[in-house]
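Everything below concerns the one structure shown next.
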Amino acid sequence: MTKPLAAMAACMFATLRTAVVVLSLGAGAAFAEYRETVPVLRIGVVESHVGLTNPLKIQAVQQAFSKTLGIPVEIMRMRSYAALVDAHASGRVGYAVHSARSYAATAAACGCVKPLRTPVASDGSTGFRSVLVVRDGVTSSISELRIAYSNEDSVSGWQIPHQAMQAGSLDSPRLVRAGTVEATIELYGKGGADGFFGWVPDIPAAAGSDPSRLFGGWDWQATLENDPVRVIWSSQRIPYGPHAVHRSLPDDLVAALGEFLDQMPASAPGLLDIFEPFFAGGYVIADPQDYENLRGLVVTQSDSGNG
């Protein structure tokens with residue numbers, strides 16, 4: 001190699017090495033940036049969250065998040081989902097564990113949040129469908145049937161079917177309020193209703209709504225074992241409530257949170273048991289469009305003054 005070519009090669013190598021160093025420093029600076037701009041991450045949960053009723057468990061969650069993220073973390077326990085919606089929409093918490101409906105309400109209120117991850121149940125389901133089931137031998141039209149439901153607070157047992165009835169996509173039956181799921185099944189078992197509203201898990205790639213999985217496999221068959229049921233109406237898929245972040249959080253912090261949740265089942269299964277006592281399957285990336293099915297429900301209830 002001639003001296004001019006050797007000098008040129010050396011110059012190019014030095015330039016590339018400098019570029020690599022600059023990029024590395026830049027990446028490190030970007031990674032550390034949220035640690036310089038976010039003094040504390042506040043995580044909002046409702047105080048009824050089963051896994052966080054014990055102060056020691058709250059401390060364990062705070063320490064795990066803080067150690068992973070490298071910043072102080074504070075768990076904020078809210079008295080209700082309405083309080084959680086207000087705290088997240090106002091930015092008083094940056095990260096929140098929502099129900100599907102509370103996330104939809106927050107998104108409708110401010111447009112300032114985005115779902116980060118959706119929990120996965122042990123059966124592989126990532127959501128559910130509201131269903132109307134009747135005795136297998138029932139042939140009457142829906143409008144002629146006596147259909148039991150639990151109560152007006154139930155998303156799957158009343159709010160979603162009621163919205164479908166108002167929209168005209170489901171005929172209105174003769175409704176019978178039972179009060180609870182157990183009372184609904186008991187009423188049906190005693191012949192007081194032709195069918196009832198319930199829910200079934202929605203498992204990706206699974207076909208149809210399997211009535212044997214009513215209420216997530218809850219032991220309803222003790223009452224119905226000799227009385228087969230069939231699904232005559234099913235709602236669109238409703239995803240389980242997401243872990244969501246405020247849009248004001250830095251992108252690198254959001255990415256670090258997502259990575260932490262993704263690794264939790266393998267790296268911290270005990271923490272997953274605390275944080276998700278009803279979802280043992282870890283998390284999947286959430287799609288904001290998945291929660292659009294609940295937007296109309298939230299707006300309708302807000303217009304009617306029911307929150």
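So the values come out like this:
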quantity	calculated
In the range 223-282, residue least open to solvent (accessible area, probe 1.4 Å) [restricted to those that are of a type in the set (D, E, K, R) and more than 30 Å from residue 171 (Cβ to Cβ)]	276
Subset tally (residues that are buried (at least 22 other Cβ atoms within 10 Å of the Cβ) and modelled with pLDDT under 95) for the range 79-102	2
Any chance residue 193 is over 26 Å from residue 296 (Cβ atoms), open to solvent by less than 60 Å² (accessible area, probe 1.4 Å) and without any contact (Cβ under 8 Å) to a residue 40 or more places away in the chain	no
Close pairs from the range 44-64: first of a type outside the set (A, V, I, L, M, F, W, C), partner open to solvent by less than 60 Å² (accessible area, probe 1.4 Å) and part of a helix (DSSP H, G or I), Cβ under 7 Å, at least 6 apart	44/84; 44/87; 44/88; 51/274; 51/275; 57/51; 57/274
Test result for residue 153, loosely packed, with under 15 Cβ neighbours inside 10 Å, more than 30 Å from residue 73 (Cβ to Cβ) and in contact (Cβ under 8 Å) with a residue 12 or more places away in the chain	no
Residue that is nearest to the chain's Cα centre (by Cα), among those in the range 163-179 that are more than 17 Å from residue 231 (Cα to Cα) and in a helix (DSSP H, G or I)	163
Pairs where the first residue, in the range 129-143, is outside any strand (DSSP E or B) and the second is of a type in the set (Asp, Glu), C-beta under 6 Å, 6+ apart	138/194; 142/171; 143/171
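Let's see how each residue does on (1) β-branched (Val, Ile, Thr); (2) buried (at least 23 other Cβ atoms within 10 Å of the Cβ):
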site: 68; (1), (2): yes, no
site: 76; (1), (2): no, no
site: 128; (1), (2): no, yes
site: 137; (1), (2): no, no
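The values are calculated or read from the model by the stated rules, or taken from the named source; none is laboratory data. Source: prediction; values computed, not measured. Quick reminder, even Gly has a Cβ in these numbers, built from the backbone with ideal geometry, and neighbours come from all protein chains shown. Areas reflect the complete protein model, heavy atoms only, side chains present, ligands, DNA and RNA absent. Shrake-Rupley method; radii C 1.70, N 1.55, O 1.52, S 1.80 Å.
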